[in-house]
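First up is the structure itself, then whatever we jot down about it.
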Amino acid sequence: MRELIGLVCTNYNDGSFGALTKERPVASLPFGGRYRLVDFPLSNMVNSGINTVGLTTPYMYRSIMDHVGVGKAWALSRKEGGMFILPGSIYGYKNIQGQFLMRDILRNIEFLRRAAAGSILAVSGARKVFNIDYRAAAREHEHSGAEITLICSAEENRNGVFVTLDESGRVTDMEERGGDGLLFMDSFLIDTALLLKLTEWYDALGYLDLTEIIRQNLPNIKTACWKFRGYVGCVDSLSDYMRCNMDLLRYSVRRELFMSPGTVRTKIQDSPPAKYMDGARVSNALISSGCIIRGTVENSVIFRGVTVEKGAFIKNSIVMQGGTVGAGAVLENVISDKYAAVSPGVSLIGVKDNPVVIGKYMRI
């Protein structure tokens, strides 16, 4: 099989996440108690034997760079290959639809030119949560003779980009809609030589998104679809973010997402185990290291270093790193960002599809 190299694109954002993405891109949203969304595409590539990975950064890159560093947590701090930080275009951050801007690729064309001429590029966004081994898709890509292979999942009642196949399995259309079908998972394989040709053809149209370019050229470029059959968490809105975090409370999802086919890696933070004090009551919750629990937590995800005081009640909520929930406070269907503090006796109750959001460092 030809060499695989990777490209993770994080230069996009939108207003669907409210205060959560005011100072960070979607890709660096905290997830699951100790991770960030960007951990999943990076881990997928490393677990697939990909040792050369480019990461296009957004305009607001501080949180991404602080988390990823030189890629040590993903074994990408190495002499041969490794992680390449690729500065993204300032225009990308404001483009809601574009995840794979041609402008970003043109700006970092040297990354592709230095890759092996016959290599396959695995491209991924960072707003879909899944655990995949790209080698299986790459083998099918080679066997089919396709120049592009889209990674898709059979989904119901979703909004997104759905693909249509003909009788031979070739992709004939990519349509943004709601409903059922084969959902494009914001990830695909493309021959590096073809991508270099596309950069020449669309040099003057850098504002276009690569998926739109692929859609326009479906009649001329052999494009296949590889069907992924595992769990896919689509983090496309605030309610999606809430739902995907709550999915982790199911053991079957945790086992598949974090342990098969490979483990999900993240930035290491050494902290003591969670401490449960007298009177603490916890049921069906993820409690991360460094927490001190004196109150009640139900059906919730609690990140590192959170303090829940005596008499506090948390249900169906997410409390991010360093947060404090005061004595007697009530949180239900709430997302509390990092280092936010809820004062004693405060009651915040949202609804399942429209959670209350407490911004970073806020005091309520």
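Every number in this text was worked out from the coordinates using simple rules, so none of it is lab data. What you see is a predicted model; the values in this text were computed from it and never measured. Note that we place each Cβ from the backbone using ideal geometry, even for glycine, and neighbour counts take in every protein chain shown.
A few comments on the model shown:
- Its alpha carbons give region 186-300 an Rg and a Dmax of 21.9, 67 Å.
- Protection proxy ranking of 106-113, 186-193, 149-156 - average other beta-carbon atoms within 10 Å, highest first: 186-193, 149-156, 106-113
- By the rule of a C-alpha distance below 25 Å, with chain neighbours fewer than 8 residues away ignored, the lysines paired with Lys197 are Lys222.
- The length gained by stretching the chain between Asn220 and Asp270 to full extension, at 0.36 nm per residue less their Cα-Cα distance, is 12.8 nm.
- Length gained when the stretch Glu256-Ala19 is fully extended (0.36 nm per residue, less Cα-Cα span): 82.3 nm
- Computed from label points 7 Å out along Cα-Cβ, the spacing between Val351 and Met277 is 3.6 nm.
- Nearest 10 degrees, 0 to 90: helix 192-201 Cα axis against the chain principal axis: 80 degrees
- Distance in nm between pseudo-label sites at Glu298 and Val70 (7 Å out along the Cβ direction from Cα): 4.9 nm
- Where only alpha carbons of region 275-358 are counted, the Rg and the Dmax (Å): 10.9, 34
- Pairs beyond 23 Å (Cα-Cα), from Lys79/Lys267; Lys128/Lys227; Lys72/Lys275; Lys79/Lys227; Lys22/Lys310: Lys72/Lys275; Lys79/Lys227; Lys22/Lys310
- Normalised by the number of residues in the chain, the mean separation of alpha-carbon contacts (under 8 Å, six or more apart) gives a relative contact order of 15 percent.
- Coarse-grained scattering of the chain at q = 0.08, 0.10 Å⁻¹, given as base-10 log I(q)/I(0) from a Debye sum over alpha-carbon atoms: -0.41, -0.62
- Length-normalised contact order for region 275-358 - Cα pairs under 8 Å, 6+ apart - percent: 20 percent
- For region 23-55, the residues whose backbone nitrogen is under 13 Å from a point 7 Å from the Cα of Arg62, taken along Cα to Cβ, are 23-25.
- Pairs of Cα atoms farther than 27 Å apart, region 1-137, %: 15 percent
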